[in-house]
Amino acid sequence: MYLKSLEINGFKSFGRKSTLEFKTSITSIVGPNGSGKSNVAEAFRFVLGEQSIKSMRGKRGEDLIFNGSTDAGRANRAGVKLVFDNSKKLLNIDFDEVSIERVVFRDGVNEYFINGSKVRLKDISELLAQAHIGSTGHHIISQGEADRILHSNPKERREMIEDALGIKVYQFKIEESSKKLEKTEENIKQVESLRREIAPHLRFLKKQVEKLEKARELKDELVKMAREYFKREEIYVNKTKLAIADEKNAPEGELAELDQKLLDARRMVEAGLKDKELPPEILTIESSLHSVRYQKDELMREEGRLEGELSYIKKSIEKEEKVQSEIGNKLVPLWEVETLVNDSKIFFEEGEIGGTLESLRAAFHKIRESLARFVHKHKQSDANDVLLNLKKEADGIHGKKAVLEQNLKGIKLEEEKLIKEYEEKRTEFEKAKDDTREAEKEIFKIIARQNEVRGALDRIKSREREVLFDAENLASDMRDISALAGLEVLHFNDLEIGTDLFEARTAQHDRHKHLERLKIRLEETGVVGGEDLQKEHNETEERDQFLARELVDLEQASTDLHNLIKELGERLNVEFREGVQKINNSFGKYFALMFGGGHASLKLVRPERKRKAEDELTGETEVNEEDEGIDIEVSLPHKKIKGLIMLSGGERALTSIALLFAISQVNPPPFVILDETDAALDEANSRKYGDMIENLSEHSQLIVITHNRETMSRAGILYGVTMGKDAVSKLLSISFAEAEQVAK
């Protein structure tokens, strides 16, 4: 026997201390309805760690405590103690007798004890799980729950069978490994965060060391590059101005000639129409067409003007961004930098003295705030406002240009419509005025050419504005670079630059970008204190390398935990499938015994809804073992019944009993509690049920709560539960073996 006794005190209807001793393989508990006999099964659930108050027919923890009656006062606490014979080391603890106790108080607080020592619920759950014992499942079948395994969905049914097979221990290990993995990944994030925090400073120190070594080289390179750039840019600006002046002459002269030709053509048309005036509708269309073309010309000129302004503003933005870059790299007094470094060292030493991750975090936080205040102190925001205004102005011009382009598109469509209408109306009139037709066509050609010439002239003027902007930028660059590198940079007139004066403009743009980078790098070399800087760089680099090694170790630990979780999951699934096969062997035999034939088995299934959704998305039909559930297939003899839903109440009861007994045969639990699971059986099936529990008692200790005489007759000890006027459940007992000896 594994169970020795159950002690109930203040739990539900057991207002006084009551003890049940289990000395035989089958112990039967009987009593009238309402006497409290089912509270014994709930006491087992309670002491084994059940957390669902609802499953114990209550709403709050207070409902489990004896509430008193007219003749008995209420209890302040409820306690249940279960004593095990551990001589065979059923439980993994070094005691021959183990007591597990749970106490609940009226404020809802629960306490747990193992051999009188206070423990956690987790400790009890893990201890019992190793012996295939839980608060609910296959070994505690309460009144009305015998059919639960049939009503459960496939996923819940799988969990019940896993519990019965004793593989919950793998789930505990998986959960524990998952928690360790979560903690490891959190540590990885913290180490990565620390490396990210020191990375900018480490990069800064490396650059400062390099700048100290290359300051003179940078200055020489800047002077050489700037002199060539200035020489080429001055030549480009002067030659471009002359070229643009020459380009303007041709379109301006052609535009004057076109104006005279248009005047002559219109006079010719007017002379040809003296004998016969144009119809009013044609004059109206012509007037509208003239107005539309005038509007189009104005819009095209405005478009050219906006493009010039936009080009000018873009270059202003580039110039302002360059100015801001220079401001962002301004020189700072040495004493202020030394003060910042000393403060940072003090904060870091305070964090090291603390010796914890939190103290280091606090130290880095203080260092970040000190750096932020230092930057904010030397930062200027006026240039940002200028740049913001320039960008807003550019956005405004873009908006105006978009509106203008939309209007120009509409004007062109209206012009096309008027031209088409004009040509249609003019056809009849032109029959009488053939001599003026060529002149009218010439007018349209002249007007079209005028538009082309005006557009070309606008583009030339836009280039003229651009070269003026380039000249202004050249003067600004000469001032800035001469202030940084010395006046010698302006001595470029006698510089020989070869014959490639008319190279691609992009080459000069690349030189300007290179100059800007050289300026910034040269300004950054204003840092002093080379030895201290080198020492700080070495210390910071060593700290980063240490964190890198720690990160590698944590990532390896994470990989190992992932592999362990995967291995445990695979082992759980393998043992689960093997267990299901064993259950099927016993299930079919018990089912045939209960029904006199037929067939029943368990089947692994995947949730239909999830399977369909995934198949539609991926086109795959592979089954994920973690998503599989358990379905039950039955076939009754002499009936065309293939599913659980078609079974009657009695048939469902027999099926559930057969399944529960089959589960118990595969991995027998140390004890099984049956709470009126035989209530729906008739006399014939009661005898079969009695034979089955006797067979089951060879592997597990049984506590049977019943009204069935046949079941009572199979018990070695019979406990009777009664209730008097004080509403307190009391126990009476009789041992059939002792009774037989007395009778003899």
* Structure fact -> Burial-style ranking of 254-260, 36-42, average other-beta-carbon count within 10 Å with highest first, yields 36-42, 254-260
* Counting pairs of alpha carbon atoms under 8 Å apart in space and at least six apart in sequence, what relative contact order in percent does the stretch 334-377 give? -> 39 percent
* Structure fact -> Compactness check, the stretch 334-377: C-alpha Rg relative to the 2.2 N^0.38 Å globular estimate gives 1.18
* What is the gain in length, in nm to one decimal, between Thr284 and Ile734 on full extension, counting 0.36 nm per residue of separation less the C-alpha to C-alpha distance? -> 149.6 nm
* Charge dipole magnitude, Cβ of K and R +1, D and E -1 - the chain, Cα centre, debye nearest 20 -> 3020 debye
* Asked: In deg cm²/dmol, rounded to 500, what helix-only [θ] at 222 nm does the chain give when every DSSP H run of at least 4 residues adds -39500 (n - 2.57) and the total is split over its residues?
  -> -23000 deg cm²/dmol
* How big is the antiparallel share of DSSP beta bridges in the chain, given as a percent to the nearest 5? -> 75 percent
* So if R0 is 30 Å, what FRET efficiency would Asn573 and Glu186 give, r being the distance between their Cβ atoms, rounded to the nearest 0.05? -> 0.55
* To do: Taking the chain as the reference, fit the longest principal axis to its C-alpha atoms, fit the long axis of helix 382-430 to the helix C-alpha atoms, and give the angle between the two in degrees, 0 to 90, nearest 10.
  => 70 degrees
* Mind scanning Lys239/Lys445; Lys12/Lys155; Lys54/Lys155; Lys17/Lys155; Lys239/Lys315 and naming the pairs with a C-alpha gap bigger than 29 Å? => Lys239/Lys445; Lys12/Lys155; Lys17/Lys155
* Relative packing of 106-115, 670-679, which averages over residues the other C-beta atoms within 10 Å, highest first -> 670-679, 106-115
* Asked: In degrees between 0 and 90, to the nearest 10, how far off the longest principal axis of the chain does helix 334-354 point, with axes built from Cα atoms?
  -> 10 degrees
* Given charges of +1 on the Cβ of Lys and Arg and -1 on the Cβ of Asp and Glu, with all other atoms neutral, how large is the dipole of the stretch 334-377 about its Cα centre, in debye to the nearest 20? -> 200 debye
* Structure fact -> the stretch 446-480 and the stretch 18-53 have their Cα centres apart by a whole-number Å value of 100 Å
* Extension reserve of the Gln581-Thr559 stretch, reckoned as 0.36 nm per residue once the Cα distance is removed -> 4.6 nm
* Structure fact -> dims of the chain, Cα set, principal axes, largest to smallest, nearest Å -> 150, 90, 53
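What Kirkwood radius, in Å to one decimal, follows from the Cα pairs of the stretch 43-142?
One over the average 1/r among Cα pairs gives 14.5 Å for the stretch 43-142.
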* Asked: Which order do peptides 537-545, 701-709, 578-586 fall in by mean Cβ count within 10 Å, highest first?
  -> 701-709, 578-586, 537-545
* Structure fact -> Over all Cα pairs of the stretch 152-254, the Kirkwood radius sets Rh, and Rg/Rh then becomes 1.63
* To do: Subtract the Cα-Cα distance of Asp395 and Arg505 from 0.36 nm times their separation in residues, and report this length gain in nm to one decimal.
  => 36.9 nm
* In nm, give the distance between the simple-model label positions of Asp220 and Arg373, each being 7 Å from the Cα along the Cα-to-Cβ direction. => 4.4 nm
* Among Val552, Phe469, Phe492, flag the residue with its Cα farthest along the positive direction of the charge dipole of the chain, charges on Cβ as +1 for Lys/Arg and -1 for Asp/Glu. => Val552
* To do: For the stretch 58-127 and the stretch 663-693, compute the distance between their C-alpha centroids and round to whole Å.
  => 27 Å
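A short reminder: the numbers here are calculations on the coordinates, not readings from a lab. Since this is a predicted model, take the numbers as computed values, not measurements. Counting neighbours? That spans all protein chains shown, and the Cβs are built from the backbone with ideal geometry, glycine included.
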